[in-house]
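Have a look at the structure below, then the notes.
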Amino acid sequence: MARAALDWGVLELANQSGVSTQTIVRFERGEELRPSTVQRVRSTLEAAGVEFIPENGGGAGVRLVKPSGRE
C-alpha cells in the first residue's frame with residue numbers, strides 16, 4: 001500500500017532503498033527478510049512521505065504525510 005500511495009513501481013522502490021527488485025517482491029509477498037532490510041525499505045518509504053499507522057482495531061495501514069506548510 002505504501003508503494004502504491006507514492007505511485008512508485010517495484011523498480012523505483014528498489015532503487016531508492018538500495019535493495020534488489022526481487023527483495024521488494026519477496027517483501028510484498030510477506031516472506032521473511034532480515035530486519036535490517038525491512039528497516040531500510042521502511043525508512044525509504046517514510047523519507048518519501050509515508051506514515052505507517054499502527055493496528056487500532058481497524059487494521060494497520062499507511063497514509064501520506066502532508067507536506068510542511070500546506071493545509
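Read-outs: derived from the displayed coordinates by stated rules, not from any lab. Please read all numbers here as calculations on a predicted model, not as lab measurements. Cβ coordinates were reconstructed from backbone atoms using ideal geometry, including for glycine residues, and neighbour counts include every protein chain displayed.
Residues with amide H under 5 Å of V62's amide H, sequence separation 5 or more or different chain, H placed in the peptide plane at 1.01 Å from N; which?
Hits under the 5 Å cutoff: I53.
Taking 1 over the mean of 1/r across every pair of different Cα atoms in the stretch 1-40, what Kirkwood radius in Å do you get?
Hydrodynamic radius (Kirkwood, Cα pairs) of the stretch 1-40 is 10.2 Å.
Count neighbours as other Cβ atoms within 10 Å of each site's Cβ, and list the GluC sites (Glu not before Pro) in the stretch 1-65 that are DSSP loop with at most 14 such neighbours.
Details: sites: E12, E28, E31, E32, E46, E51, E55; in loops: E31, E32, E55.
Those satisfying the criteria are E31, E32, E55.
What list of ³J(HN,Hα) couplings, whole Hz, do you get for the stretch 7-15 from phi and the Karplus terms 6.51, -1.76, 1.60, once you set θ to phi - 60° and write x for glycine and proline?
These are the phi-based 3J(HN,Hα) values: 6, 9, x, 4, 4, 5, 5, 4, 5 Hz.
Students often get this wrong: which residues of the stretch 19-42 have the backbone nitrogen under 16 Å from the point 7 angstrom along Cα-to-C-beta of L11?
It comes to 19-25, nothing else.
What is the gain in length, in nm to one decimal, between V25 and E55 on full extension, counting 0.36 nm per residue of separation less the C-alpha to C-alpha distance?
Length difference between fully extended and current span is 8.5 nm.
Output ³J(HN,Hα) for the stretch 38-51: one whole-Hz value per residue in order, computed from phi by the Karplus curve 6.51 cos²θ - 1.76 cosθ + 1.60 with θ = phi - 60°, and x for Gly and Pro.
4, 5, 5, 5, 4, 4, 4, 5, 5, 5, 7, x, 8, 10
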